[in-house]
Amino acid sequence: MKQNKGIVFFGGSFNPPHIGHLRLAIEAWEAFNAEIDRVIFVPCALHPQKNPSALLPFSLRCEMLEACIRHLPFLGISTIEGERDEPSYTYETLAALRLQRPVTPFYFLLGSDDYEQLPTWYRGLELPRLTNFLVVPRGVYTESDFIAQTHLLWPEAGHTTVDRGRMCIQGGGEAVFFQTPSLSVRATDVRNRWCAGRSIDFLVPSAVRESLSRHEARVREIWDGGV
């Protein structure tokens, strides 16, 4: 029987989408395409830990993402978090997606900084019930740091194979250390540059730059007040 291929979910504000986001999604696809079917962006609607007044409208962020990935059939977008009125909690989002795809392997892509913060997330330590993790190192974070952090979060975690970078977590999921070339681009810096009238060429896809220009008045109203 053919094994059911998985999906990588990549959540975030994408305020705006930039080349770091797009390149990371492509790297994930290239590294795991034998195991996964697609990489799906999941833009948040109401971020529980960020100032909502600085977020561009959900529809505009989705529009920019759609334009960025139009020519990349292995990337997609889920608007599930825009269909709810409450804050966008990862656990609830993945639980809803699991109802839609009960047997599909899930992988959640996140940086090592967020991985370390999982105890502060809503039901963050219960996420292995719903998904595997692909953990991207930030800064000087090493594979040894990843192993130590995984043991700290789930003391009974163990290695699944001879690959030290894959660990089995009690509750059902795996955590995978995903070393990939990093593009150090921050959405905050993009916003600050754009608001100051500086060039954001080669920091965002051209489709994002063009969309920001088309909606300049609205974007400036939001970002100037809380970038």
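Brief remarks follow.
- The dipole here belongs to the chain: it is taken about the Cα centre, uses +1 on the Cβ of Lys and Arg and -1 on the Cβ of Asp and Glu, and is about 360 debye.
- Counting only DSSP beta bridges with both residues in the chain, the antiparallel share comes to about 20 percent.
- Calculated FRET efficiency for the pair E216/E143, C-beta based, R₀ 41 Å, to 0.05: 0.40
- Exposure proxy ranking, count of Cβ atoms within 10 Å, fewest first, for W121, W194, W154: W121, W154, W194
- Footprinting exposure proxy for F146, F58, F202 (fewest neighbouring C-beta atoms within 10 Å first): F202, F58, F146
- Long-range HN-HN contacts of G171 with modeled amide H, under 5 Å: none
- Listed residue (T104, S182, I19) projecting farthest to the positive dipole end of the chain, Cβ model: I19
- Label point distance in nm, K5-R198, each placed 7 Å from Cα along Cα→Cβ: 4.1
- In this calculation the C-beta distance from D189 to A96 is compared with R0 = 35 Å, giving a FRET efficiency of 0.60.
- This model, with +1 at the C-beta of Lys and Arg and -1 at the C-beta of Asp and Glu, gives region 75-122 a dipole about its Cα centre of some 320 debye.
- Exposed GluC sites (Glu not before Pro) absent - longest run of the chain, DSSP non-H/G/I/E/B, at most 16 other C-beta within 10 Å: 36-155
- Where only DSSP H runs of four or more residues are counted, the chain gives -10000 deg cm²/dmol as its mean residue ellipticity at 222 nm, each run worth -39500 (n - 2.57).
- Sorted by Cβ density within 10 Å, fewest first, the residues H159, H47, H21: H159, H47, H21
Read-outs throughout are calculated quantities, based only on the coordinates presented, and are distinct from any laboratory measurement. These figures come from a predicted structure and were not determined experimentally. So basically every Cβ, Gly included, is an ideal-geometry build from the backbone, and we count neighbours across all protein chains shown.
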